[in-house]
Amino acid sequence: MTDQEFQAIEKHVGFPLPAFYRTTLSSYPFDSDSFAAESMLPNDPKVVIELNDVEISSPVVGKPFFIGNDSGEEWLFVDASKQDSGVFVFDLETGKHRQLVPTWTAFLDYIRAEHAEIAADEEAMSQRKLNKKWWEFWK
């Protein structure tokens with residue numbers, strides 16, 4: 001993301017973005033067609049602005065800033081008032097939240113682990129298709 005895009009997001013949310021977020025998105029560490037870019041940590045300012053139209057209040061989180069989602073009912077956010085916030089999960093259905101990981105670095109590692117799991121699943125599916133017998137139409 002560019003400085004101009006960061007400024008547009010800051011204008012929308014009404015506060016400065018955390019330095020750890022700006023640093024990561026300035027030098028995006030994931031492929032543009034990855035699950036991270038699609039959902040968990042979008043690198044598109046329009047998507048980030050849309051995510052931050054959700055309102056949440058919590059005595060534990062000073063400035064909630066939504067950074068992504070799980071492609072479902074759980075949205076991911078950080079506390080923009082902290083230097084190295086953990087990442088939280090907000091359940092859209094219940095309106096409750098919980099901590100996913102304690103630090104930003106742990107979140108980036110979490111995304112890498114998710115990508116590794118997706119790649120392993122894709123490889124396993126490919127191997128099943130290659131190794132099936134002619135009568136095993138269900139594999």
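Worth a mention:
- Scanning the stretch 73-94 for residues being closer than 14 Å to Glu55 by Cα and among the polar types (S, T, N, Q) gives a total of 1.
- Residue match in the stretch 55-71 (condition: more than 16 Å from the chain's Cα centre (by Cα), within 30 Å of Glu117 (Cα to Cα), touching a residue at least 24 places away in the same chain (Cβ under 8 Å) and loosely packed, with under 13 Cβ neighbours inside 10 Å): no
- Of all the numbered requirements in (1) without any contact (Cβ under 8 Å) to a residue 60 or more places away in the chain; (2) part of a loop (DSSP other than H, G, I, E, B); (3) within 28 Å of Gln4 (Cα to Cα), Gln83 misses one, and that requirement is (1).
- Which numbered condition His12 fails, given (1) surrounded by fewer than 11 Cβ atoms within 10 Å (Cβ to Cβ); (2) in contact with a helix residue (DSSP H, G or I) (Cβ under 8 Å, 6 or more places away or on another chain): (1)
- Residue check, Phe35 surrounded by 14 or more Cβ atoms within 10 Å (Cβ to Cβ), in contact with a Phe, Trp or Tyr (Cβ under 7 Å, 6 or more places away or on another chain), in contact (Cβ under 8 Å) with a residue 12 or more places away in the chain and closer than 30 Å to Glu117 by Cα: no
- Filter result (touching a strand residue (DSSP E or B) at 6+ places or on another chain (Cβ under 9 Å) and farther than 16 Å from Glu10 by Cβ) within the stretch 43-61: Val54, Glu55, Ile56, Ser57, Ser58, Val60, Val61
None of the figures in this text is laboratory data; all of them are computed from the coordinates on show. Just so we're clear, the structure is a prediction, and the values are computed from it rather than from any experiment. Cβ sites come from the backbone with ideal geometry, for glycine too, and all protein chains shown count toward neighbours.
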